[in-house]
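The block underneath contains the structure these notes are about, expressed in structure tokens.
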Amino acid sequence: MLKNMYQDDRKILKDCLPLALPLCVSIEPTNLCNFKCVMCYHGNNELAEEAKPLKNMDDQVFQKVLEDLESWTRSAGEKIKLLKLYSLGEPLVNPRLCDMVKAVKDREIAEKIEITTNGSLLTEEISEKLVEYGLDVIRFSIYGIEEERNRYITKSDFTPADIREKVRFLYECREKAGVKAPKIFAKMLNEDEETNQKFLQMYEDITDVVGIDEVFNVDVGEGNDVFENYYGAESEQKHQGSLNSNIFNERRSCRYPFTHMTIRNDGTVIACCADWLKELRSGNVMEHSLKEIWESRTLYDLRMKMLSTKGECFKACRTCEIPYRDLPEDSIDGVDGTRFSYGNEY
């Protein structure tokens, strides 16, 4: 598994709840993507239709998010631990992404700012701006080191060599500037051992961390098996590295409604970035402040349902593996629900 950069100074989550602020906030610059990956809703026209509106975040929505976060963090006397400028799309599709990084940085509302990208749209100008504006972390999702495999997965004409060159330029740009940020991660989903080793060697000298990750099981619609789409129906790798199918026999509650907040491109606030159909929505930033949403009856009810049913009442959670990949200190099973309350009745 890819090394987790957030393992330092971790606390027992149960001892910290309820939180005055989410630990992680994701702002979705866009839910558009230039790749049409076989394991993603972007690769299925019917699913993409359900995920509408497909568009870049309006500046009015983004500015409201920033204002809310600045007011909230100032009143709480602390910053958001991690702010992610991505969710379900390719963030670099939004031409304002660099300006968004700078705007978040200037507001001093987050300890770290991170983006995840497929790397294909990373230009030299964008690399220079990301270094200049102080992006803290950039994660590259690589889909194969061979052209044919990459084309099958992404349905794009960008080659593995193209993307590696873009990562190399960013790395050298950062080194030339004499700074330590952004920290550069590269990951590829698990293939055969020989391919995995070639990938590691391909990126080890132009990144800070390179690793192999596992295909993550999420609900992408009826009849769409993520493993089968990625590896092929007959592949012996279909379930290699995935969690045992019996894991759901002992359900676990998910911490995300208690620790995370995602603001989608249209201002909808949801509990989990993987919830592409917005089942776990708790409000809209254009109607309520983020603090009001965090302290709302709507989100309180969602949290209580998570504790009582361990996610079984939510379609988005039934087969999600997030709680089963968590570190032990992140477990919220057995937490006393009476410690939670709500201040806003909606």
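The values are calculated or read from the model by the stated rules, or taken from the named source; none is laboratory data. Just so it is clear, the model here is predicted, and its values are computed rather than measured. All Cβ positions, glycine included, derive from the backbone under ideal geometry; neighbour counts span all protein chains shown. Protein only, heavy atoms only, side chains kept; ligands, DNA and RNA dropped before computing areas. Shrake-Rupley method; radii C 1.70, N 1.55, O 1.52, S 1.80 Å.
Look through Arg303, Arg297 and report the one residue that is surrounded by 14 or more Cβ atoms within 10 Å (Cβ to Cβ) and under 17 Å from Thr259 (Cβ atoms).
From the options Arg303, Arg297, the qualifying one is Arg303.
Determine which single condition Ser120 fails, assuming it passes every other condition in (1) over 16 Å from the mean Cα position of the chain (by Cα); (2) under 17 Å from Cys24 (Cβ atoms); (3) of a type in the set (Gly, Ala, Ser).
(2)
Counting only residues that are part of a strand (DSSP E or B) and open to solvent by 40 Å² or more (accessible area, probe 1.4 Å), which one in the range 178-209 is modelled with the lowest pLDDT?
Out of the qualifying residues, it is Lys187.
Suppose we filter Lys183, Lys155, Lys198 for residues that are in contact with an Asp or Glu (Cβ under 7 Å, 6 or more places away or on another chain) and basic (Lys, Arg); which single one remains?
Result: Lys183 is the single residue among Lys183, Lys155, Lys198 that is in contact with an Asp or Glu (Cβ under 7 Å, 6 or more places away or on another chain) and basic (Lys, Arg).
When only residues in the range 128-167 that are of a type in the set (Gly, Ala, Ser) and touching a Pro at 6+ places or on another chain (Cβ under 9 Å) count, which is farthest from Tyr41 (Cα to Cα)?
Among them, the one singled out is Gly134.
Residue by residue, here is whether (1) open to solvent by less than 20 Å² (accessible area, probe 1.4 Å); (2) touching a residue at least 40 places away in the same chain (Cβ under 8 Å); (3) part of a helix (DSSP H, G or I); (4) acidic (Asp, Glu) holds:
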site	(1), (2), (3), (4)
Phe62	yes, yes, yes, no
Val65	yes, yes, yes, no
Glu70	no, no, yes, yes
Arg74	no, no, yes, no
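What number of residues within the range 135-159 are surrounded by fewer than 19 Cβ atoms within 10 Å (Cβ to Cβ) and in a helix (DSSP H, G or I)?
Final tally of qualifying residues: 5.
Can you spot a residue in the range 14-21 that is open to solvent by 30 Å² or more (accessible area, probe 1.4 Å), in contact with a His (Cβ under 9 Å, 6 or more places away or on another chain) and more than 25 Å from Ile113 (Cβ to Cβ)?
Within the range 14-21, none of the residues are open to solvent by 30 Å² or more (accessible area, probe 1.4 Å), in contact with a His (Cβ under 9 Å, 6 or more places away or on another chain) and more than 25 Å from Ile113 (Cβ to Cβ).
Could you grab the pairs with beta carbons closer than 6 Å, sequence gap of 6+ or different chains, first residue in the range 1-27 and polar (S, T, N, Q), second one modelled with pLDDT under 95 and in a loop (DSSP other than H, G, I, E, B)?
Close Cβ pairs (under 6 Å, with a partner that is modelled with pLDDT under 95 and in a loop (DSSP other than H, G, I, E, B)) amount to Ser26/Ser87; Ser26/Cys273.
Looking only at residues that are free of Cβ contacts under 8 Å to residues at least 60 places away in the same chain and closer than 14 Å to Asp275 by Cβ in the range 308-332, which one is surrounded by the fewest Cβ atoms within 10 Å (Cβ to Cβ)?
In this case the residue turns out to be Cys313.
Any residue at all in the range 30-38 that is modelled with pLDDT under 95, open to solvent by 60 Å² or more (accessible area, probe 1.4 Å) and charged (D, E, K, R)?
Looking through the range 30-38, at least one residue is modelled with pLDDT under 95, open to solvent by 60 Å² or more (accessible area, probe 1.4 Å) and charged (D, E, K, R).
With the requirement that a residue be among the charged types (D, E, K, R) and in contact (Cβ under 8 Å) with a residue 24 or more places away in the chain, what does the range 180-196 give you?
Those that are among the charged types (D, E, K, R) and in contact (Cβ under 8 Å) with a residue 24 or more places away in the chain: Lys183, Lys187, Glu191, Asp192.
Could you run through the range 90-110 and say how many residues are in contact with an Asp or Glu (Cβ under 7 Å, 6 or more places away or on another chain) and open to solvent by less than 20 Å² (accessible area, probe 1.4 Å)?
1
Which residue pairs have Cβ atoms under 8 Å apart, sit 6 or more places apart or on different chains, and have a first residue in the range 257-272 that is without any contact (Cβ under 8 Å) to a residue 40 or more places away in the chain and a second that is buried (at least 20 other Cβ atoms within 10 Å of the Cβ) and polar (S, T, N, Q)?
These pairs meet every condition: Val269/Thr262; Val269/Ser282; Ile270/Thr262; Ile270/Ser282; Ala271/Thr262; Ala271/Ser282.
Does the range 241-253 include one or more residues that are modelled with pLDDT of 85 or more, closer than 30 Å to Ser127 by Cα and open to solvent by 50 Å² or more (accessible area, probe 1.4 Å)?
no
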